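Written below as structure tokens is the structure these notes are about.
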Amino acid sequence: QVQLVESGGGLVQPGGSLRLSCAASGSRFRLNVMAWYRQTPGKQRELVAKIIRPSITNYADSVKGRFTISRDNANDTVYLQMNSLKPEDTAVYYCYASVGIFQYWGQGTQVTVSS
């Protein structure tokens with residue numbers, strides 16, 4: 001069973017930066033896709049950024065130029081560097097990974113952007 005463990009969330013002022021990390025363990029196969037989603041109360045979970053082995057990236061329009069996704073393929077760890085944070089980036093951020101038809105989610109980490 002694949003487990004995803006996120007870290008790095010917290011409270012930051014507008015314009016600040018945070019870096020999220022997600023470490024995967026338990027997979028017998030390399031994870032093809034790793035991604036970050038986010039969700040706010042009453043809204044659907046939305047894709048923030050994804051990275052497909054080895055390093056093909058895709059971003060939501062709302063975060064392009066501010067967020068950077070990267071991964072350590074050797075260790076199945078994915079990172080999300082978030083710069084120039086805005087109050088509207090406040091959400092629970094979830095790590096996602098997939099291999100074949102199997103999909104996995106982390107428990108989520110809260111990011112709050114507020115002065």
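Quick check on Tyr59: is it more than 18 Å from Gly106 (Cβ to Cβ), of a type outside the set (D, E, K, R) and either at pLDDT 95 or above or touching a strand residue (DSSP E or B) at 6+ places or on another chain (Cβ under 7 Å) (or both)? Taking the combined requirement at face value, the residue satisfies it. Highlighted here are the strands (runs of 3 or more DSSP E) found entirely within region 55-102 that include at least 1 residues which are open to solvent by 30 Å² or more (accessible area, probe 1.4 Å) and without any contact (Cβ under 8 Å) to a residue 12 or more places away in the chain: 56-59, 67-72.
Residue selection: Gly26 fails the criterion of being of a type outside the set (Asp, Glu), on the phi > 0 side of the Ramachandran plot and in contact (Cβ under 8 Å) with a residue 60 or more places away in the chain. Restricting region 43-52 to residues that are surrounded by 14 or more Cβ atoms within 10 Å (Cβ to Cβ) and farther than 16 Å from Thr109 by Cβ leaves a set whose member that is farthest from the chain's Cα centre (by Cα) is Ile52.
Within region 1-42, restricting attention to residues that are of a type in the set (S, T, N, Q) and exposed (fewer than 14 other Cβ atoms within 10 Å of the Cβ), the residue that is nearest to Met82 (Cα to Cα) is Ser17.
The values are calculated or read from the model by the stated rules, or taken from the named source; none is laboratory data. Quick caveat, the model's predicted, so the values are computed rather than measured. In this analysis, Cβ positions are derived from the backbone assuming ideal geometry, glycine residues included, and neighbour counts consider all displayed protein chains. Please note that ligands, DNA and RNA were not included when accessible areas were found on the heavy atoms of the full protein model with its side chains. Shrake-Rupley method; radii C 1.70, N 1.55, O 1.52, S 1.80 Å.
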